[in-house]
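Input: a single structure, listed below in structure tokens.
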Amino acid sequence: MKLFSRITAAGLLAVSLLLPINPASASTNIIANPSAETASAGQPTGWSQGQWGTGTATFSYLASGAQDGSHALGITMSGYQSGDAKWYFTPVAVSGSQQYAFSDYYHATVGTSVVVQSDDGSGNYTYLDLQTVPASSSWQQVSANFTAPANAKFITIFHLIAANGTLATDNFSLTNASSAVASGVPNPSVEANTGGQPNSWTKTVWGTNTHAFAYLNSGHTGTHSLKVTLSNYQSGTANWMYQPQPVVAGGHYLFTDWYQSNVATEVDIAVTMQDGSTQYLYMGSALKTVGWTKERLEYDMPAGAVSASVMHLLYSNGWLQTDDYAMSQYHPTGFSRGLVTVTLDDGFTNQYTNALPILQQNGLHGTFYIISGNLTSQPDYMTAAQVKALKAAGMEIGSHTVTHPDLTTLGATRLTNELKNSQTKLQSVLGSPVTDFASPYGTYDNRTVAAIQQYYASQRTTDPGYNSKDDLDIYRLRVQNITNTTTPAQVQAWINQAAADHTWLILVYHQVSTDPAAGEYNTTPADFTTEMTTVHNAGLANLTMAQALAEVTPQAGQ
């Protein structure tokens, strides 16, 4: 079973703790005088005042209380009936159909809006609503990505007020988003700070727990790092989070950071979509570690992605310290050829009745990870005779423990029993070695990996990604997880990627059934047929786990 993100959009948005942070431009800020610090005759250079409709707007060039520097832009609206008022920067030259990233900081007594004004160079204007933001008594950041209209020559942006109340704005940024991709993470080593807090980073927490955040005066490199501690834990997560950065939809990305922790942690990604929604998605696990350790995870940005921020989060009592973040598009070093391995977890009967014939029809071989304790006691699971028949049909049998527990929660004796007894039982049924293992729920840590190594030649996780020559860890094999929302087109895309890069793709299935009650981890026989036909026709070598390991480990020098 796949381990999904412990982040929920509702939980995260409800309790985000926002700090006053400085935007770190991923490329050149094309707004002149973006923090309104330069002035002429008592007015900010390069800024104008605009108003229309019925109401009285009073504009002020504030000399105190700025978010950044010593000046900000203020508006007070009274007697409002219609229209709006705004400060706006001198229009800047842009390229039509190009993606841009905008941000500013504001505080206001009423809700306000951000609008793009585009000029085709002949005085013909079009307008694009970016965001409406709530009132805030303290400085908060608003940020959005947008695509300039095809005929755009110049752009300015209005952060406007359209009600009785006050609005202050400061620290504007407008950058070319496509050229921002390479920078990855703003303030990645968290060295830059304002008022004793790291620039471009926020504190985020939700759920029932006691949390503490620290900006430390020591780190993996430099003089600073980030720490979060949880106690009295019942639910939720806590993490530092950096300002979202533009990404390429469909792009393959590599995330790294350096961390140390006294408990297992998790890495998720918050992806902002073109429609303004945010998806919170699981990237992978991070082991409990003593001393600084490098975390390395790959991820395919979904279609429609605009920007993203990776969150290394804590979800239990303990502490996590992080430093030296990086996120960039990634092209792996491939093996001599691309490989695909089909795996099926848990040993459901429908894998034997539905999946096996489809595999055979396509001339494919797979690895079935069996819960040994279910061989005789559970009606929905395969019998020992059926598992033997799988082996006779050329399939590999792997271990998935005796009872399918979360291994990280077990004491030493039971951990050993789950690993050893499962292997012993399966080997007695098959009359041959069982060498490969998959951790239930995809959960593992340094202790469980060390125990797995005593009995098995590999561990397959549920961490998303591909396995490559430059990043092969046979006890942390990455996969692509199949659920009831995975389409054959998505499987085709994964296969195409592995074929192009000569990487090893591992597909993880659970039930293969027409039963609506099979749930989230089900694939219909129709979809499984389409996907296995795709595997057959892909030109990738189809190997079991053991066969693939025998081929790739020498190439990676293992």
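At a glance:
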| item | result |
| --- | --- |
| Neighbour cut-off at most 11 other Cβ (10 Å), DSSP loop, chymotrypsin sites (Phe, Trp or Tyr not before Pro), segment 428-533 | none |
| Residue 164-residue 126 pseudo-label distance in nm [points 7 Å out on the Cα-to-Cβ vector] | 3.8 nm |
| At most 13 other Cβ within 10 Å, DSSP loop - chymotrypsin sites (Phe, Trp or Tyr not before Pro), segment 31-106 | none |
| Accessible area of the chain belonging to carbon and sulfur atoms, whole % at 1.4 Å probe | 51 percent |
| Residue-averaged 222 nm ellipticity for the chain, from DSSP H runs of 4+ at -39500 (n - 2.57), nearest 500 | -4500 deg cm²/dmol |
| Computed lengthening from residue 427 to residue 81, 0.36 nm per intervening residue step minus Cα-Cα distance | 116.5 nm |
| Förster-model FRET efficiency, 45 Å R0, residue 551 and residue 232, C-beta, rounded to 0.05 | 0.35 |
| Mean separation of Cα contacts under 8 Å, 6 or more apart, over the residue count of segment 269-347: relative contact order % | 29 percent |
| Accessible area per residue, Å², the chain with all protein chains present, probe 1.4 Å | 38 Å² |
| Full-stretch length increase - residue 249, residue 54 - with 0.36 nm per residue and alpha-carbon distance subtracted | 65.9 nm |
| Links that overshoot a 28 Å alpha carbon limit, given the list 391/420; 86/203; 288/469 | 86/203 |
| Inter-probe distance in nm under a simple model that places probes 7 Å from Cα toward Cβ, at residue 541 and residue 274 | 3.9 nm |
| R0 of 22 Å, Cβ-Cβ distance residue 43-residue 93: FRET efficiency to nearest 0.05 | 0.40 |
| Full-stretch length increase - residue 292, residue 420 - with 0.36 nm per residue and alpha-carbon distance subtracted | 42.9 nm |
| Label zone at residue 214, where the point sits 7 Å out along the Cα-to-Cβ direction: segment 259-297 residues whose backbone N lies under 14 Å | 260-262 |
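The values are calculated or read from the model by the stated rules, or taken from the named source; none is laboratory data. Fair warning: this is a prediction, and the values are worked out from it, not measured in the lab. Cβ: placed from backbone, ideal geometry, glycine included. Neighbour counts: every protein chain shown. Just the protein is used for accessible areas: all its heavy atoms, side chains included, with ligands, DNA and RNA removed. Shrake-Rupley method; radii C 1.70, N 1.55, O 1.52, S 1.80 Å.
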